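I have placed the structure first, in the form of structure tokens, so that the comments after it can refer back to it.
None of the figures in this text is laboratory data; all of them are computed from the coordinates on show. This is a predicted model, so every value here is computed, not measured. Glycine also receives a Cβ, built like all others from the backbone with ideal geometry; neighbour counts cover every protein chain displayed.
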Amino acid sequence: MRYNDPQAPKRRGILKASVAVGTALAGSLAPAAAAAAPGSVAPAGAGHWRPPRAARFPIGPFTKSKANPILRPDLAHEWESAYLYNPCALVVGNRVALLYRAQDEKKTSSIGLAWSDDGITFRRRPEPVLTPTEPYEKPGGCEDPRVVRVGDTYYLTYTAYDRTSALLCLATSTDLVHWKKHGPLFPELHDPIHGDKPWNKAGAILTTPIDGKYWMYFGESNIFWATSKDLIHWTTVGNDDPVAKPLLPWEGSLIEPGPPPLFTDDGLILLVYNGRSDGKGGYPKGQYSGGQLLIDPADPTKAVARLERPFLVPTSDDEQGGQVNRVVFSEGLVHFRGAWFLYYGMADSVLGAAVWRPGDTA
């Protein structure tokens, strides 16, 4: 596999429908009785099965919670005493499970677990559920989790960082607490914005198999893809061109997958992603914002539309200033109690939530 230079000529065709929908952030859920959201269970043998409850493109508009930040560092726990951010989420029973990145005073990252009955107020476990134990995880740690559930198993992608290379890793669990690590998925894969050293991260898994294969979107300079038949062993064979690359000023520096993708009510794949500005178009250089794009499952290797403007941008003091200024970074999205909850990091320091309740006006 090779990565394309992100500065290569940009393909205009990817925009397609985005001109029409780029500034319209209204949407509604398809009527259905059973709930299914990113990370929900998909039948293992399904071909083009899709969840009975889905969203329109673009999903939203989202309103940031007045309770933000909903989680902050805890000085009583050394492993999460400095920073707490970049969460993923999953609905388990009648609660939201939140897996989040936390850092100690040495900026070594671990992954913690918290639970909520309302999607906003969380009770956290005092010990981390995933800590750096392997050479490729030290001293930087285990970063930026994304989780899905298929059958009785939870699949967690995370970034291992030894402060030289960032590597996309996989772990599995049946209880969200005890995890089996499966190691780096692509230990030698490079990304051009990081030179010749191995660098790959941000794996977002689609839980619905397409023609017998699961799909994962990952990357940082661009959004790439990989496939698997068992959710453990992944291949990038045939991946010679990114699904999407930076096209717009607010994402001109890089784009990176956010929460696990989901299906729209018309059968397309919707991926929420994060983009970093290159300083053009009136967006501050280095600002991280949130976008949405569509992928046709008939060809899961190509984006067919995207929002021209970000749907989530840093506005509050906690988003404007922190460990890294001007950052909202989304990794968790769930449908819970009739609403959509989006969870994101605020300036790489604290953790926030935004909510869309279909039927609300904005």
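Here the scattering of the stretch 167-218 is modelled by Debye summation over its C-alpha atoms, one equal scatterer each and no solvent; at q = 0.25 Å⁻¹ the log10 of I(q)/I(0) is -1.02. Largest first and in whole Å, the equivalent-ellipsoid semi-axes of the stretch 182-301 read 24, 19, 11, each the square root of five times a Cα gyration tensor eigenvalue.
Each of Phe62, Phe336 was scored by other Cβ atoms within 10 Å of its Cβ. Listed from fewest to most, they are Phe336, Phe62. Residues whose amide H comes within less than 5 Å of that of Leu333, counting only those at least five positions distant or on another chain, are Ala89, Tyr343 (H built at 1.01 Å from N in the peptide plane). One chain, two ends: Asp317 and Lys180. Fully extended at 0.36 nm per residue, the span grows by 45.5 nm beyond their Cα-Cα distance. Across all Cα pairs in the stretch 12-356, the calculated P(r) in 10 Å bins from zero up to the longest distance comes to 6, 28, 39, 24, 4, 0 percent per bin. For the stretch 187-287, the number of Lys pairs with C-alpha atoms closer than 24 Å, counting only pairs eight or more positions apart or on separate chains, is 9. Rounded to the nearest 0.05, what FRET efficiency is calculated for Asp241 and Lys106 with R0 set to 41 Å and r the Cβ-Cβ distance? Computed FRET efficiency for Asp241 and Lys106: 0.55.
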